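The values are calculated or read from the model by the stated rules, or taken from the named source; none is laboratory data. Note that the structure is predicted; figures quoted are calculated from it, not measured. Neighbour counts are summed over all protein chains in view; Cβ atoms, including those assigned to glycine, are modelled from backbone coordinates with ideal geometry. These area figures cover heavy atoms from the full protein model, side chains too; ligands, DNA and RNA do not enter into them. Shrake-Rupley method; radii C 1.70, N 1.55, O 1.52, S 1.80 Å.
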Amino acid sequence: MTKLSVNINKVALIRNARGGNLPDLVQVAMDCEEFGGQGITVHPRPDERHIRYADIPQLKTVVKTEFNIEGNPTPDFIRLVLENKPHQVTLVPDAPGVLTSDQGWDTIGQASFLKKVIAEFKSAGIRVSIFVDAEEKFVEGAKNVGADRIEFYTGHYAHQFYKNKEEAVESHHRCAILANEIGLGINAGHDLNLDNLRFYKENVPGLLEVSIGHALICDALYYGLNNTIQMYLRQLS
Ligand code: PXP
């Protein structure tokens, strides 16, 4: 079974546009779960342009499924995660000011840093996933630094999907087999949508979780949040 974790960053972005509390992020998180979402993902960035650090404790008290906090492990981020103890932390090497995450970790070059940070989270009982491109050396590197899971960066897959979907998914398929062999759990995310999700799931054995934000919230403008979550769940069934 592949779980759908709804990334609610875009909801926070709309809220922040007016300075009030509309839409109410905490209510939306509860509703996503009510509508069938199997996890809630947030990605606080240093400029707090969508999720704010102050949102996290409130969300932590209401999320009943799986709470996943993702982001670049700066000292502030590490403190936030350790204080709030989500079920999972996903480490993402995004530079400050970047529009969105666009690459995974160099799990070899950054091995000593990753090992230290991952050990800190794991000793606090938090499952650690790290964002990687679908390349064997980075998957092996993720195992060596002690990650529990990897999250495949699916941006390139999504962009190539419309040209040649078999080619687009090939490296993910190969790396998933490797991850399964060496005992790493597999998550995936970025630019997944109603067109490309089912094919991805069918070709990535052992896919445990996808986190989806941008396309899902855009679809919800047309179909409503409840229907949209059902539509994504159907792609994963
Ligand atoms: N995974 C990571 C690490 C991300 O940074 C993001 C975007 O915040 C996502 C998944 C979700 O991507 P999207 O919003 O394109 O669904």
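Across 194, 221, the residue with the most accessible area heads the list, and the full order at a 1.4 Å probe is 221, 194. Accessible surface computed residue by residue for the chain, with neighbouring protein chains in place and a 1.4 Å probe, gives 45 Å² per residue.
Spin-label model, residue 10/residue 231: points 7 Å from Cα along the beta carbon direction are separated by 1.1 nm. Available extension along the chain between residue 124 and residue 62 is 20.3 nm, counting 0.36 nm per residue and deducting the alpha carbon span. The value for region 104-199 of Rg(Cα) / (2.2 N^0.38 Å) is 1.11.
Here the dipole of region 22-100 is about 200 debye; that uses its Cα centre as origin and unit charges on the Cβ of Lys and Arg (positive) and Asp and Glu (negative).
Taking the Cα centre of the chain as reference, the dipole from Cβ charges on Lys and Arg (+1) and Asp and Glu (-1) amounts to some 440 debye. Normalising the average separation of contacting C-alpha pairs (under 8 angstrom, six or more residues apart) by the number of residues puts the relative contact order of the chain at 20 percent. Entry note, the chain: the mean residue ellipticity at 222 nm calculated from DSSP H runs of n ≥ 4, each adding -39500 (n - 2.57), is -14500 deg cm²/dmol after division by the residues and rounding to the nearest 500.
What length, rounded to one decimal in nm, is gained on full extension from residue 160 through to residue 180, with 0.36 nm per residue of separation minus their alpha-carbon distance?
Full extension from residue 160 to residue 180 adds 4.8 nm.
Ranked by solvent-accessible area (1.4 Å probe, protein heavy atoms only, all chains present), the residues 232, 223 order from largest to smallest as 223, 232. The Cα trace of the chain gives Rg and Dmax of 16.7, 49 Å, the first to one decimal, the second as a whole number.
Expressed to the nearest 5 percent, the antiparallel share of DSSP beta bridges inside the chain is 0 percent. Computed extension gain for residue 47 through residue 76, at 0.36 nm per residue and net of the alpha carbon distance, reaches 9.3 nm.
Net charge in the neighbourhood of residue 139 (other residues with Cβ under 14 Å of its Cβ; Lys, Arg +1, Asp, Glu -1) is -4. At the residue level, residue 31 shows approximately 50 square angstrom of accessible surface with a 1.4 angstrom probe and all protein chains present.
Starting from the residue with the highest accessible area, list 52, 15, 149 in decreasing order, probe 1.4 Å.
Correct descending sequence by accessible area is 52, 149, 15.
Nonpolar atom fraction for the chain, defined as the carbon and sulfur part of the 1.4 Å probe accessible area, stands at 53 percent. For residue 123, the solvent-accessible surface computed with a 1.4 Å probe is close to 100 Å², ligands and nucleic acids excluded.
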